[in-house]
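The values are calculated or read from the model by the stated rules, or taken from the named source; none is laboratory data. Note that the structure is predicted; figures quoted are calculated from it, not measured. So basically every Cβ, Gly included, is an ideal-geometry build from the backbone, and we count neighbours across all protein chains shown.
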Amino acid sequence: MPVALVWTGWVERAEESAPQGHHYHGAFFQWLRGVAEGVAQKWHGLREKPFSLSPLLRLTPRGPWVWRWTWMVDEASEEHLLQLAFEALGKARFTLGGWTFVPEKLEISGHPWAGRASWESLLQPSSPSRLIQLNWLSPYAIRHGTRDVFLPEPSILFKTYLRSWEVQAPLEIREALIAPDLWFSHLVITRFSLQTRPYLIRDRRHTGTVGWIRLFVPSEVPQEVHHTLQALTRWAFFRGTGRKTTHGMGTTIPGRQRGSRKLWSALENPFGRTPSPG
């Protein structure tokens, strides 16, 4: 079952530079090795890893920090990992480069960035609305051929989600999809608020996009394809978008976010400058 966990806490100390992507990746695996070494070894060897991470994020200069984890596994593994995560609450201290993140709260519901779902529920038809909104909390970039694409071309976005579903999900989705390249290209961008930002991994700059985009599904798109687009949008909540999602890139929250116009100006930018410690 896919699940998204949200840790909320404080940075106990901070050096000059904010954490980079490899710090998040390394801290997660350090925790996982300590509680489930066999799982850590298995996941580390996979080409498509069944988890994603956000960077540390917060909405106000003095507010608490949030670190979001997701994993996409079977129900038994999900329950076991959730138990280990809740057991770590109050004891875990995550070293992120020169920063130490001390979580005080862990949520899998009640927070807009947290949640869990069965694989079957992701495929269930939902709202008849033909609007789709995607929000990126950390920079995303999609590898397309020999280059990175960080402008939200709908057909590239949804082909990426479809490929990752086919690799990681236990249920078939393509049987409901007719000529995906054709129908994905029919999506219309109606509104957006986007910025390109750098994201550092081992001192290397990866350019990506943050912000939000609103898409319209035209009436000529068959209902079955519309349902599949909705399923892939829900999948993006857990999988993220594009490359390096296990290092903090591509954190994706679908749907209209309350105050989304203000969110991107208020959201501190730990990707290209040093956020203030707190």
Across region 93-118, what is the total count of residues that are under 13 Å from residue 236 (Cα atoms) and either more than 19 Å from the chain's Cα centre (by Cα) or not small (Gly, Ala, Ser) (or both)?
2
So, in region 98-139, how many residues would count as being within 19 Å of residue 184 (Cα to Cα) and in a strand (DSSP E or B)?
5
Single residue of 98, 115, 90 found to be loosely packed, with under 13 Cβ neighbours inside 10 Å and of a type outside the set (A, V, I, L, M, F, W, C):
90
Looking at region 51-60, is at least one residue farther than 28 Å from residue 203 by Cα and hydrophobic (A, V, I, L, M, F, W, C)?
no
Residue hits (region 12-33; farther than 25 Å from residue 206 by Cα, modelled with pLDDT of 95 or more and surrounded by fewer than 16 Cβ atoms within 10 Å (Cβ to Cβ)) are 33
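Would you kindly identify the strands (runs of 3 or more DSSP E) lying entirely within region 166-259 that contain at least 2 residues that are closer than 15 Å to residue 55 by Cα and modelled with pLDDT under 90? If you could, list the steps in order and put the result at the bottom.
Numbers: elements: 188-201, 204-216, 252-254.
In region 166-259, there are no strands (runs of 3 or more DSSP E) which contain 2 or more residues that are closer than 15 Å to residue 55 by Cα and modelled with pLDDT under 90.
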Selected residue (only one of 38, 9 is in the same structural domain as residue 99 (by TED's automatic domain parsing), more than 26 Å from residue 206 (Cα to Cα) and crowded, with 20+ Cβ neighbours inside 10 Å)
9
The conditions are (1) of a type outside the set (Gly, Ala, Ser); (2) assigned to a loop (DSSP other than H, G, I, E, B); (3) within 20 Å of the chain's Cα centre (by Cα), and residue 28 fails exactly one of them. Which is it?
(2)
Considering only region 172-183, I want to know if a residue exists there that is closer than 16 Å to residue 252 by Cα and not β-branched (Val, Ile, Thr).
no
Return yes or no: is residue 187 over 21 Å from the mean Cα position of the chain (by Cα) and farther than 27 Å from residue 2 by Cα?
no
